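Notes follow once the structure below has been shown.
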Amino acid sequence: MYEEYYSGLKHFIECSLDCHRAELSQLFYPLFVHMYLELVYNQHENEAKSFFEKFHGDQECYYQDDLRVLSSLTKKEHMKGNETMLDFRTSKFVLRISRDSYQLLKRHLQEKQNNQIWNIVQEHLYIDIFDGMPRSKQQIDAMVGSLAGEAKREANKSKVFFGLLKEPEIEVPLDDEDEEGENEEGKPKKKKPKKDSIGSKSKKQDPNAPPQNRIPLPELKDSDKLDKIMNMKETTKRVRLGPDCLPSICFYTFLNAYQGLTAVDVTDDSSLIAGGFADSTVRVWSVTPKKLRSVKQASDLSLIDKESDDVLERIMDEKTASELKILYGHSGPVYGASFSPDRNYLLSSSEDGTVRLWSLQTFTCLVGYKGHNYPVWDTQFSPYGYYFVSGGHDRVARLWATDHYQPLRIFAGHLADVNCTRFHPNSNYVATGSADRTVRLWDVLNGNCVRIFTGHKGPIHSLTFSPNGRFLATGATDGRVLLWDIGHGLMVGELKGHTDTVCSLRFSRDGEILASGSMDNTVRLWDAIKAFEDLETDDFTTATGHINLPENSQELLLGTYMTKSTPVVHLHFTRRNLVLAAGAYSPQ
């Protein structure tokens, strides 16, 4: 039965005009899967087998992995346990087709009285019809490939406040050396030309920024202010990067990491590095000459004069000073690690289903957050501290606050594992990348999904926002890095070059360069300014999603740096724009 219907449709589509053929070919995959699942569900095992063998060769190469899973489902019982397939049956597969192509299809199916196919189309597919030219094969290929088809255009219409929040005003005290060197006119240093100073950038409110109090953010402590001042001083010494001035890369290789390195994070000031390992430990190293020390015991603390100037020095116990601290507590590999912006805490997420918060004053575990019952693949602190996000095998991401033991928000909607989670620089949004091959952007305020980006052909393993908050870069197992304009909800670029999973992405501090690190043992540097400069975001493109991606990966690639045999797990730009990369050496 189904074989006839399918081959009838196939014949019709292959004989249709070129301009419609590309669009209508999108039907092959969802119809194929639904028909196959119907056959299996109604226990026609042999028919299902022959249907699969006959037509699986027609499907696009990027559905290979799905077809492999599909071919192993041959009995009704197999389907019960497979959540992905159950989701596929219950959620609608989204296709975008121009009105002309849609009319053609509808007429064909109604003439032929192919009610079976029409029923599947009605029941399981969501056809997003747009007016205008049909899309070309290459435009479609750029956008499809996720488990649930493309995103409905409606999904990317809502307003996103992608601007940055205003920085608090902090006066930078002048050091003697600064006064001599850089300030001949005797003005405070913040009045330097606009482009260099971080302080001046945020004085006027960004029109795209969310209201300052849209979500409650923690107050700045004195130590945070000192840190910001340090940051501003470092910023004045920052190297301006560009195609002619590439950053140096300093690689931290974990040697003899026989316990399997599974996560890395570096503090914003690049003073500490943390590694999560497959043996359930988290290890924290000091990268500067300053050793790691714990606070003294309570009995000793009571003897200290609290009024003395160096009280913060005195409470530290010199006897505990060492370059490395090991944190024990998880009972499974540690897949995510994240330092708090003030460097007082470290988060780790593990296969054991928990996220733990560690104190970097005492090097002990303060809280275990339970909520994911399955492995937690990633966790990250908000850029303002206090909030953090985690994502896991249970297909949801959760937003937490350090002082609540239950999540504040649950972001549900992905059809497969949430592999990576990232906060937007203004902390009002969270991006999640999933094994269903989509990236979603969630609003922290109300938990709504405000963007769905499709186009990757494999599970997504890395995300990063540009420093100005306007763009998002994503990397996946397909080795491609895709660039997205958050405001318009559009894909604006594709960087090809990596030959294996892209596991880490990071923009330089002023957003001139994008660094990507991969399992193919390379770090690649891309020209971000050029990638984003000539975007045509006219209304037509935004309305129909007819994106024309320039094939300019080669022009944008500024450099490729090989390691001997070390996959690049993490990348970080220091405040002066030196790249730090990390990974574990894996002898061949």
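The values are calculated or read from the model by the stated rules, or taken from the named source; none is laboratory data. Not measured: the values here are computed from a predicted model. Heads up, the Cβs are rebuilt from the backbone with ideal geometry, glycines too, and the neighbour counts pull from every protein chain shown. What goes into the accessible areas is simple: the full protein's heavy atoms, side chains included, and nothing from ligands, DNA or RNA. Shrake-Rupley method; radii C 1.70, N 1.55, O 1.52, S 1.80 Å.
Apply the a/c threshold of 1.5 to the C-alpha gyration tensor of the stretch 37-87 and tell me whether it is rounded, prolate or oblate. The shape class here is oblate.
Residue 6: net charge of surrounding residues, Cβ under 11 Å, Lys/Arg +1, Asp/Glu -1, itself excluded? Within the 11 Å Cβ shell, the charges total -1. Taking packing as the residue-averaged number of other Cβ atoms within 10 angstrom, the listed peptides 212-224, 487-499 run from highest to lowest as 487-499, 212-224. When the P(r) of the chain is calculated, the portion above 35 Å amounts to 44% of the C-alpha pairs.
Distance from the C-alpha centroid of the stretch 209-256 to that of the stretch 1-42: 52 Å, rounded to the whole angstrom. What a 1.4 Å probe finds exposed on the chain is 50% carbon and sulfur by accessible area, rounded to a whole percent. Placing unit charges on each Cβ (+1 for Lys and Arg, -1 for Asp and Glu) gives the stretch 418-484 a dipole about its Cα centre, and among 464, 441, 479 the Cα reaching farthest toward its positive end belongs to 479.
Dipole size of the stretch 1-150 about its Cα centre, with +1 on Lys/Arg Cβ and -1 on Asp/Glu Cβ: approximately 180 debye, rounded to the nearest 20.
Across the chain, Cα pairs under 8 Å and at least six residues apart give a relative contact order of 11 percent. When each full DSSP H helix of the chain is screened for a Cα extent of at least 15 Å along its own axis and an average Kyte-Doolittle hydropathy of at least 0.5, the helices passing are 28-41.
In units of the compact-protein estimate 2.2 N^0.38 Å, the stretch 1-56 shows a Cα radius of gyration of 1.19.
A dipole drawn for the stretch 1-118 from +1 and -1 charges on Cβ atoms has a positive end, and of 56, 67, 28 the residue lying farthest that way is 28.
Model label sites at residue 7 and residue 565, defined 7 Å from Cα along the beta-carbon direction, differ in position by 5.0 nm. Is the shape of the stretch 44-139 best called rounded, prolate or oblate, per the rule: a/c under 1.5 gives rounded, else a/b larger than b/c gives prolate, else oblate, with a ≥ b ≥ c the square roots of the Cα gyration tensor eigenvalues? It comes out prolate by the Cα gyration axes. Shown is the FRET efficiency for residue 54 and residue 129, computed with R0 = 22 Å from the Cβ-Cβ distance and rounded to the nearest 0.05: 0.15.
Close lysine pairs were tallied over the stretch 1-150: pairs 8 or more places apart or on different chains with Cα atoms under 24 Å apart number 19. For the listed peptides 47-57, 392-402, 347-357, a ranking on the average number of other beta carbons within 10 Å per residue, highest first, reads 347-357, 392-402, 47-57. At a probe radius of 1.4 angstrom, the accessible area of the chain per residue rounds to 46 square angstrom. Taking other residues whose beta carbon is less than 13 angstrom from the beta carbon of residue 445, and scoring Lys, Arg as +1 and Asp, Glu as -1, yields +2.
Electrostatic bookkeeping for residue 224 treats Lys and Arg as +1 and Asp and Glu as -1; over the other residues with beta carbon under 14 Å from its beta carbon, the sum is -4.
Since only 127, 424, 579 are under comparison, the one whose Cα sits farthest along the positive direction of the charge dipole of the chain, derived from C-beta charges on Lys, Arg, Asp and Glu, is 127.
Label point of residue 361 set 7 angstrom out along Cα-Cβ; within the stretch 203-240, amide nitrogens under 15 Å from it belong to 221-224.
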